[in-house]
Amino acid sequence: MEFSKPIIDIIQERISHRTYSGHSLEKDLREKVLNLLKNHDSISPFSEYAGKARFRLLSIPEFNSKEKKKLGTYGFIKGAQDFIVGAVEKSQYSREHYGYLMETIILGATDLGLGTCWLGGFFNRSLFASKINCTSDEIVPAITPIGYSTQRTVREKIIRSFAKADKRLPWDQLFFEGNHNVFLTEDKAEEYSKLLEMIRLGHLREISNLGG
Ligand SMILES: Cc1cc2nc3c(=O)[nH]c(=O)nc-3n(C[C@H](O)[C@H](O)[C@H](O)COP(=O)(O)O)c2cc1C
């Protein structure tokens with residue numbers, strides 16, 4: 001996937017958004033997003049060990065009025081009109097493979113100036129799965145809203161604080177050298193320090209509280 005700037009900048013810029021403008025993606029951006037979703041299986045280091053993944057852009061008008069009330073995102077996501085929903089064939093590393101691809105798509109969306117938010121727990125999985133004709137050989141591990149993010153509501157700020165979203169684990173709780181008693185410092189990591197710092201930024205400490 002091609003980005004308009006260094007991926008490090010995009011990783012540092014990315015932040016989850018749960019409040020959206022209520023407007024659907026405009027044509028030009030929709031096309032760019034569809035482009036992000038095109039078959040990229042091979043960019044994932046897990047592609048050899050996992051089944052195929054596919055992604056679709058689902059828009060709110062594709063849901064009937066009953067379904068709209070059952071998206072399962074109510075209270076967590078506000079105003080989103082579009083979602084990226086994907087499925088991956090079941091296999092030992094399907095979740096890792098899907099995660100790699102989804103994060104790449106999310107970084108691509110960030111590069112386009114769009115808001116996203118990983119949702120692995122708080123959405124109606126069976127409804128979203130049926131909308132993309134998920135087969136019994138596939139799973140839908142996570143989805144994300146995608147769109148024009150707006151100012152955070154108080155509720156969103158509370159969710160962020162509950163998820164400790166702004167507090168990443170420090171280096172000495174994440175990276176070790178040889179065994180778990182020896183911390184790996186940024187200095188010692190040398191040329192890997194930037195890469196590990198990006199992993200630290202992408203790592204959410206309270207994922208279990210979010211059903212992910
Ligand atoms: C795999 C995964 C699943 C997640 N599932 C949810 C979820 O269901 N609901 C939610 O509110 N946040 C969920 N989150 C957390 C948010 O997407 C977000 O990452 C978190 O609030 C940290 O904020 P940040 O992304 O702005 O750093 C999930 C994150 C990950 C990585």
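No lab work stands behind these numbers, since they all come straight from the coordinates. As the structure is a prediction and not an experimental result, all values here were calculated from the model. Using ideal geometry, Cβ is built from the backbone for each residue, glycine included, and neighbour counts are taken over all protein chains shown.
Could you work out Rg/(2.2 N^0.38 Å) for segment 7-163, with Rg from alpha carbons only?
Rounded to two decimals, the normalised Rg is 1.00.
Please build a GNM for the chain, connecting alpha carbons under 10 Å apart, and tell me which residue among GLU89, GLU31, GLU191 fluctuates the most.
GLU191
How much net charge surrounds LEU201 when only other residues with a Cβ under 9 Å from its Cβ are counted (Lys, Arg +1; Asp, Glu -1)?
Residues near LEU201 contribute +2 overall.
Please give the length that would be gained between LYS5 and GLU26 if that part of the chain were fully extended, namely 0.36 nm times their separation in residues minus their C-alpha to C-alpha distance (nm, one decimal).
5.3 nm
May I ask you to list the residues of segment 96-131 whose amide nitrogen lies under 19 Å from a point 7 Å from Cα along the Cα→beta-carbon direction of ILE158?
122-123
In this model, which of LYS70/LYS131; LYS68/LYS90; LYS66/LYS157; LYS27/LYS52; LYS5/LYS38; LYS167/LYS194 are farther than 23 Å apart at the alpha-carbon?
From LYS70/LYS131; LYS68/LYS90; LYS66/LYS157; LYS27/LYS52; LYS5/LYS38; LYS167/LYS194, over 23 Å: LYS68/LYS90; LYS66/LYS157; LYS27/LYS52.
What does the convex hull of the Cα atoms come to per residue for segment 117-186, in Å³?
Hull volume over Cα atoms, normalised by residue count, gives 177 Å³.
Of the candidates TYR49, TYR20, TYR100, which one comes out as most mobile in a Gaussian network treatment of the chain with C-alpha springs shorter than 10 Å?
Largest GNM mean-square fluctuation: TYR49.
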